[in-house]
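K.L.:
Structure incoming, see below.
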Amino acid sequence: MKLSELIEGIELRESRNFSDREISGISTDSRSVREGDLYIALRGIQVDGNDYAAGAATAGAAALLLEREIETELPLLLVEDSSRIAWRIMRRFYNDPASRLILIGITGTNGKTSTSFLLQSILQRTLGPTGIIGTVGYGMEEGKIRPHMHTTPSLGALYRILAGFTAGSCRAAVMEVSSHAVVQGRIEGLEFDVAVFTNITRDHLDYHGTMEEYVSAKERLVLNLRQKGRRKKEGTLVYNRDDARVAAIAERFDGTAISCGFDPAARVRGESLQADLRGTRFTLVEGEQRVGINLNLLGSFSASNALLAAGAARAVGMDSAGIKAGLEGVREVPGRFQVVTSSAGPTVIIDYAHTPDALERLLIFCRELGAERVITVFGCGGDRDRGKRPMMGKLAVDLSDRVVITNDNPRTEDPGTIIGDILQGTVDSRTPVEVIQDRSRAIEKAVEISRPHDLVVLAGKGHEDYQILGERRVHLSDLVEARKALKKMEVGHQG
């Protein structure tokens, strides 16, 4: 596409060295610039893309769109605020891929990933290939996920992925929408057909400052459904009626809404819930229809996610048979109550729970399973909300028989300081607590001290296969470490 076509109607502060070059791609990251790209400099929380414009030029950019002047022979387009216009250029370059998809956004503190997997499974049984974007990665087919860095990708990456979905004959896409992405403008220009709201509990207060600001960021996805100038018809809100904060947001929304949950007043309702290590069973009720659901996913929280997926599927016209088949077709979600067993050792549970609410729900369910003991291994992320650390420490000792506190992405913060904050919540407890900063060794220790009928819970990392230490990413997978520890126990028993 010609540069002049891309910037038609875009308000420029100034243009220099203009030549109507062919633009073969768009990049907002100087490290990924390819020959012929238009480089758009965006300002982030920690990084200003304008600082890397010279590097983008050296890498082969065909033109630069910046907020600050630099010395260059390339076409230089200067604007006041690139974040306000970047989406318009992206949408034009990629031929507005979101307009050609049934686009479903899922927000909330917990449950986004599982709900996404369940919903993708339903949709693809009727619509064919269905795109998915979220914490685990992105892709168009079950089991074929490519990892990326953020729950919601950068603006440029997101438009590129959506364009890839349309090229791959997708008719629908399901994406997780984080509060960071909303505030940072990473969903600008997208019109959602359905917004799914799972729940709201404490998270990301290091970024948002207050719960009010955090909730407000989440609610902006709901407002997208009826935003001014929308070209699609108004979208539908699907929400968890069992969560008071979410229900309050739904009450403020004056568009079409579908309530889900175990509340008797929910439109898509769950009844007769049974959850154990064999699966999760409940009756899905809507009006006069009653459908028995046998989920492979474990935990009562999985049933809540399934109800939301069913509500979203209903909002886009899926029938009960397709909903049942889709829900029951998901074998597991990476790092979400993932079970690892062995012949000689305990059962190990791997879960992404990294907020107080998620940890509490996880451990309550583990206790309900009737294990002899629950041994919990967890930590808290560095450079993040310090206020939740003692809360999670208290929950761990209150709901576990033994606790091992360890590292969980300490980043640039002192690991000892993080663990000290967690320990503040454990001071009045009689539950044995051990500190082992090395996460591999912590997992090994938890398995060593376990007995065959115990549950060892590894919380916080889930699907992640790395540990962030300072500025470095070091390979570490809870799943791999759990299997190694169980194998070592088996060998020890055989000896």
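We did not get these values from a lab; they are worked out from the coordinates using the rules stated. Treat the numbers as computed from the prediction; the structure is a model and nothing was measured. Backbone-built Cβ (ideal geometry, glycine too); neighbour counts: all protein chains shown.
K.L.:
Tally the DSSP beta bridges in the range 97-328 and give the antiparallel ones as a percent, rounded to 5. Could you put the intermediate results ahead of the total?
P.N.:
Values: 17 of 41 bridges.
Around 40 percent antiparallel, to the nearest 5.
K.L.:
Lys and Arg at +1, Asp and Glu at -1: add these up for the other residues within a Cβ distance under 10 Å of Pro147 and post the number.
P.N.:
Values: positive: Arg146; negative: Glu464, Asp465.
Here the charged neighbours net out to -1.
K.L.:
Using the 10 angstrom Cβ neighbour count as an exposure proxy, how do Leu119, Leu78 rank, fewest first?
P.N.:
Working: Leu119 33, Leu78 17.
By the 10 Å Cβ count, ascending: Leu78, Leu119.
K.L.:
Fewest to most neighbouring Cβ within 10 Å: what's the order for Thr58, Thr152?
P.N.:
Thr58, Thr152
K.L.:
Here's another thing I want to ask about it. Please find the FRET efficiency linking Glu372 to Ile45, where r is the Cβ-Cβ separation and R0 is fixed at 45 Å, and quote it to the nearest 0.05.
P.N.:
On the way: r = 46 Å, r/R0 = 1.02.
So the FRET efficiency works out to roughly 0.45.
K.L.:
Within the set of other residues whose C-beta is less than 14 Å from the C-beta of Tyr52, count the net charge using Lys and Arg as +1 and Asp and Glu as -1.
P.N.:
Details: positive: Arg31, Arg43, Arg68; negative: Asp29, Asp37, Asp48, Asp51, Glu67.
Every neighbour counted, the sum reads -2.
K.L.:
Looking at the chain, send over the antiparallel percent of its DSSP beta bridges, to the nearest 5. Display every interim value, and only then the final one.
P.N.:
Working: 30 of 80 bridges.
The answer is about 40 percent antiparallel.
K.L.:
Here is a follow-up. With label points built 7 Å along Cα→Cβ from the Cα atoms of Ala248 and Arg386, find their separation and express it in nm.
P.N.:
Between Ala248 and Arg386, the simple spin-label model gives 2.7 nm.
K.L.:
For a Förster distance of 51 Å, can you work out the FRET efficiency between the beta-carbons of Thr341 and Ala54, rounded to the nearest 0.05?
P.N.:
Details: r = 55 Å, r/R0 = 1.07.
Approximately 0.40, to the nearest 0.05.
K.L.:
OK, next. For the peptides 193-199, 359-365, 344-350, what is the packing order when you average, over each peptide's residues, the other Cβ atoms within 10 Å and list the highest mean first?
P.N.:
Details: 193-199: 26.6, 359-365: 21.7, 344-350: 23.9.
Descending packing order for the listed peptides: 193-199, 344-350, 359-365.
K.L.:
Still on this model: Whole number please: convex hull volume per residue, Cα atoms of the chain, in Å³. Can you show the working numbers first?
P.N.:
Numbers: hull volume 75.3 nm³, N = 495.
Residue-normalised Cα hull volume stands at 152 Å³.
K.L.:
Hey, quick one: spin label on Leu277, modelled 7 Å out along Cα-Cβ, who in the range 371-406 has an amide N within reach, i.e. under 13 Å?
P.N.:
The answer is 371-375, whose backbone nitrogens lie closer than 13 Å to the label point.
K.L.:
Give me the number: length gained by fully extending Val491 to Gln289, i.e. 0.36 nm times residue separation minus the C-alpha to C-alpha distance, one decimal in nm. All intermediate terms of the calculation are to be shown ahead of the outcome.
P.N.:
Working: separation 202, 0.36 × 202 = 72.72 nm, distance 5.20 nm.
The Val491-Gln289 span can extend by a further 67.5 nm.
K.L.:
Run the numbers for Asp398 and Arg441: contour at 0.36 nm per residue of separation, minus the present Cα-Cα distance, in nm. If you can, show how the numbers build up before the last one.
P.N.:
Numbers: separation 43, 0.36 × 43 = 15.48 nm, distance 2.34 nm.
Full extension of this stretch gives 13.1 nm more.
K.L.:
Next question. How large is ³J(HN,Hα) for each residue in the range 434-443, as worked out from phi by the Karplus curve 6.51 cos²θ - 1.76 cosθ + 1.60 (θ = phi - 60°), to whole Hz, x for Gly and Pro?
P.N.:
Going residue by residue, I get 10, 10, 9, 5, 5, 5, 4, 5, 4, 5 Hz, with x marking Gly and Pro.
K.L.:
I've got another one for you. Roughly how tilted is helix 478-494, in degrees to the nearest 10 and between 0 and 90, from the longest Cα axis of the chain?
P.N.:
Taking Cα atoms only, the helix is inclined about 30 degrees.
K.L.:
What list of ³J(HN,Hα) couplings, whole Hz, do you get for the range 288-301 from phi and the Karplus terms 6.51, -1.76, 1.60, once you set θ to phi - 60° and write x for glycine and proline?
P.N.:
Calculated HN-Hα couplings, in order: 8, 7, 10, 10, x, 10, 10, 6, 7, 5, 9, x, 4, 5 Hz.
K.L.:
Now a separate question. What is the distance in Å between the Cα centroid of the range 274-299 and that of the range 95-174?
P.N.:
Going from one Cα centre to the other spans 25 Å.
K.L.:
Can you list the residues, at least 5 places off or on another chain, whose amide H is less than 5 Å from the amide H of Ala257, using H built in the peptide plane?
P.N.:
HN-HN under 5 Å from Ala257: Leu237.
K.L.:
Right, next: Per the helix-only calculation at 222 nm, which mean residue ellipticity applies to the chain, given -39500 (n - 2.57) for every DSSP H run of n ≥ 4 and division by its residues, nearest 500 deg cm²/dmol?
P.N.:
Estimated from H runs of four or more residues: -10000 deg cm²/dmol.
K.L.:
Still on this structure: Taking Lys228 as the anchor, which lysines have their alpha carbon closer than 24 Å to its alpha carbon, excluding any fewer than eight residues away along the same chain?
P.N.:
Lys218
K.L.:
Using a cut-off of 18 Å between alpha-carbon atoms, which aspartates and glutamates can reach Lys487, once sequence neighbours fewer than 8 places away in the same chain are excluded?
P.N.:
Of all the aspartates and glutamates, those that pass the test against Lys487 - Cα under 18 Å, at least 8 places apart if same chain - are Glu444, Glu448, Asp454, Asp478.
K.L.:
What lysines sit close enough to Lys461 to cross-link, taking a C-alpha to C-alpha distance under 20 Å and skipping anything fewer than 8 places away on the same chain?
P.N.:
Filter leaves Lys112, Lys388, Lys394, Lys445, Lys484.
K.L.:
With the crude spin-label approximation of a point 7 Å out along Cα→Cβ, what separation in nm comes out for Leu469 versus Ile449?
P.N.:
A separation of 2.2 nm, rounded to one decimal place.
K.L.:
Another question about this same structure. Provide the percentage of antiparallel DSSP beta bridges, counting only those with both residues in the range 338-494; round to the nearest 5. Please list the in-between numbers first.
P.N.:
Values: 7 of 24 bridges.
The answer is about 30 percent antiparallel.
K.L.:
Once you list every other residue whose beta carbon is under 12 Å from the beta carbon of Leu101, what net charge do they have if Lys and Arg are +1 and Asp and Glu are -1?
P.N.:
Working: positive: Arg100, Arg171, Lys232; negative: Asp96, Glu191, Asp193.
So the surrounding residues net to 0.
K.L.:
Right, another one. Give me a comma-separated list of calculated 3J(HN,Hα) values for the range 383-389, in order, Karplus coefficients 6.51, -1.76, 1.60 applied at θ = phi - 60°, integers in Hz, x for any Gly or Pro.
P.N.:
Whole-Hz 3J(HN,Hα) from phi for the range 383-389: 6, 9, 3, 6, x, 7, 5.
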